[in-house]
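Take a look at the structure below.
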Amino acid sequence: MGSESFGEVYDISGDIWEPLSPPPEAIDIRVLCVPVLDSSRSRILVHCYASGTLYTYYYDRKSWVCLEQKFCSWFDSAAIVDDVLYTYIYNCSLEVYNLLDKKHFPIKWSSEIPVVEPQGSTLYRLGNGKLILGWVNNLHRGFECIRFNIWCNEQGGIHAAAEHQSAITVPYPEYISGIWFF
C-alpha cells in the first residue's frame with residue numbers, strides 16, 4: 001500500500017487488507033484522526049481533531065458519512081457500548097454520545113474515581129455494562145486500571161460507578177521491559 005493511503009481495513013471473509021476509500025476533504029489526514037471500531041454496524045468512527053468533526057466509514061459500502069459537525073475532542077480513547085459512544089478526556093471526563101439519536105447524554109457519577117489517572121490512559125470495553133480505564137505503570141511494573149459500571153436510566157441519562165476504592169494493579173514479570181496497549 002502506498003504512503004498516500006488513509007488507512008486499511010481487514011476483510012475477514014477474503015483474508016485480505018483492503019484500502020479505505022479516500023476520506024472527504026474535510027478530514028485532514030495530516031492531523032490527528034482517532035478511529036474506533038463499531039463492528040456491530042460494520043463501520044469505523046473517525047474523529048478529526050483539527051475540525052472537531054465525527055465521521056463514520058461504512059466498510060461494507062466503502063462510503064463516508066458525517067455524523068456530527070462539532071464533536072467534543074477525544075485523543076486516543078473511545079469505546080462503543082449498545083450504540084453509545086464513550087469518549088475519555090484526561091482527568092476523568094467521560095463524554096457520552098448516543099449514535100442512534102445523534103445527541104449527547106448527561107453523565108452522573110454515583111461514586112468518585114478513586115485515583116488521578118495519568119495521561120495516556122485508555123478506555124476499554126469489557127462487556128456487560130463495564131468499562132475500564134487502564135494505563136501502564138512502568139515504575140511499579142504493572143498494568144493499572146479503574147473498572148466501572150455504566151447504565152442508562154429511563155430519561156436517557158447515563159450513570160457510572162467505580163467498582164473499587166483504588167486502582168487495580170496487575171504486575172507483569174521482571175523479564176518484560178515494558179508493555180504497550182493499543
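Under 5 Å between amide H atoms, partner at least 5 residues away or on a different chain: which partners does F71 have, H built in plane at 1.01 Å?
T53, L54
Which ³J(HN,Hα) values, rounded to whole Hz and listed in residue order, are derived for the stretch 118-130 from phi using the Karplus coefficients 6.51, -1.76 and 1.60 in 6.51 cos²θ - 1.76 cosθ + 1.60 with θ = phi - 60°, glycine and proline given as x?
Here the 3J(HN,Hα) series is x, 4, x, 5, 10, 8, 10, 8, 9, x, 6, x, 10 Hz.
Counting other C-beta atoms within 10 Å, which of S13, S93, S51 has the fewest, and how do the rest follow? Each step should come with its number before you reach the end.
Values: S13 5, S93 11, S51 16.
Least to most surrounded, the residues fall as S13, S93, S51.
We did not get these values from a lab; they are worked out from the coordinates using the rules stated. Everything numeric in this text was worked out from a predicted model, so none of it was measured. Glycine gets a Cβ as well: all are built from the backbone with ideal geometry, and neighbour counts include every protein chain shown.
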